[in-house]
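A.B. asks: Sharing a structure, written as structure tokens. Questions coming.
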Amino acid sequence: MRIFFCPECGGYSLGPASHCDECQFPLPEDSWAEVSEEELTQLEYIDDFELPPGLPSFEYDVIRLKSTDDDDAVRYSNQVLNRMGESGWELVSIVPLAGEDHPNFAVFKRSWISEYEE
Ligand SMILES: [Zn+2]
């Protein structure tokens, strides 16, 4: 099944959907993923977690890297990594997809202390 992700509140809605179930924000047409029943169950399970007071929360972002083996790829990667670093994102992993022709994905993380502390 297809689920749509909301760039506004970070929630997701079951497709077909034009607006976010949570905040009614119009969903971008390309902001979706094909997921299995099991993956959806996992998302719902995670939704029930609550952030304990005083703990930092983490935000993650996954960026597709250029897969070619040349100087362009190096320059592109340099640009991506430095831009992300300047915005507080730390590279935590490079995830290769199955098959040599597929691009790698860079996983970035940044953290902040929640407002609970104030
Ligand atoms: Zn939303």
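Read-outs: derived from the displayed coordinates by stated rules, not from any lab. Not measured: the values here are computed from a predicted model. Cβ coordinates were reconstructed from backbone atoms using ideal geometry, including for glycine residues, and neighbour counts include every protein chain displayed.
A.B. asks: Where in region 18-91 are there GluC sites (Glu not before Pro) that are in a DSSP coil and have at most 15 other Cβ atoms within 10 angstrom of their Cβ?
C.D. replies: Working: sites: 22, 29, 34, 37, 38, 39, 44, 50, 59, 86, 90; in loops: 22, 29, 50.
For GluC sites (Glu not before Pro) across region 18-91 that sit outside H, G, I, E and B with at most 15 neighbouring Cβ atoms in 10 Å, the list reads 22, 29, 50.
A.B. asks: Using only the alpha-carbon atoms, how far is helix 37-47 inclined from the longest principal axis of the chain? Give it as 0 to 90 degrees, nearest 10.
C.D. replies: Approximately 70 degrees, to the nearest ten.
A.B. asks: Suppose every Lys and Arg Cβ carries +1 and every Asp and Glu Cβ carries -1, with no other charges. What dipole size does region 2-47 come out with about its Cα centre, to the nearest 20 debye? Mind dumping the intermediate values first?
C.D. replies: On the way: 1 positive and 11 negative charges, 29 e Å.
Around 140 debye, computed over region 2-47.
A.B. asks: Let me ask something else. Restrict the search to region 1-79; then list the chymotrypsin sites (Phe, Trp or Tyr not before Pro) that DSSP places in a loop and that have at most 15 other Cβ atoms within 10 Å of their Cβ.
C.D. replies: Within region 1-79, the qualifying chymotrypsin sites (Phe, Trp or Tyr not before Pro) (loop, at most 15 other Cβ atoms within 10 Å) are 49.
A.B. asks: How far is it, in nm, from the label point at residue 86 to the one at residue 102 when both lie 7 Å from their Cα along the line to the Cβ?
C.D. replies: Using points 7 Å along Cα→Cβ, the separation is 3.2 nm.
A.B. asks: Moving on to the next point. So what does the Cα-only Debye profile of region 2-47 read at q = 0.14, 0.27, 0.32 Å⁻¹, as log10 I(q)/I(0), no solvent term?
C.D. replies: Summing over Cα pairs of region 2-47 leads to -0.29, -0.98, -1.21.
A.B. asks: When the expected Rg is taken as 2.2 N^0.38 Å, what fraction or multiple of it is the alpha-carbon Rg of region 56-117?
C.D. replies: Working: Rg = 14.0 Å, N = 62, 2.2 N^0.38 = 10.6 Å.
Taking N as the residue count of region 56-117, the ratio is 1.32.
A.B. asks: At 7 Å along the Cα-to-beta-carbon direction for both residue 48 and residue 24, put a label point, then send me their distance in nm to one decimal.
C.D. replies: Roughly 3.0 nm, to one decimal.
A.B. asks: Further question on the same structure: Would you work out which of 97, 78, 35 lies farthest towards the positive end of the dipole of the chain, given +1 charges on the beta-carbon of Lys and Arg and -1 on that of Asp and Glu, about the Cα centre?
C.D. replies: Projecting each Cα onto the dipole axis, the largest value belongs to 78.
A.B. asks: Can you tell me the FRET efficiency between residue 2 and residue 57 if r is taken as the Cβ-Cβ distance and R0 is 35 Å, rounded to the nearest 0.05? Intermediate results must be reported in sequence, preceding the final value.
C.D. replies: On the way: r = 27 Å, r/R0 = 0.78.
With a Förster radius of 35 Å, E is 0.80.
A.B. asks: Please provide three numbers in whole Å: the alpha-carbon extents of the chain along the principal axes, with the largest listed first.
C.D. replies: 44, 40, 26
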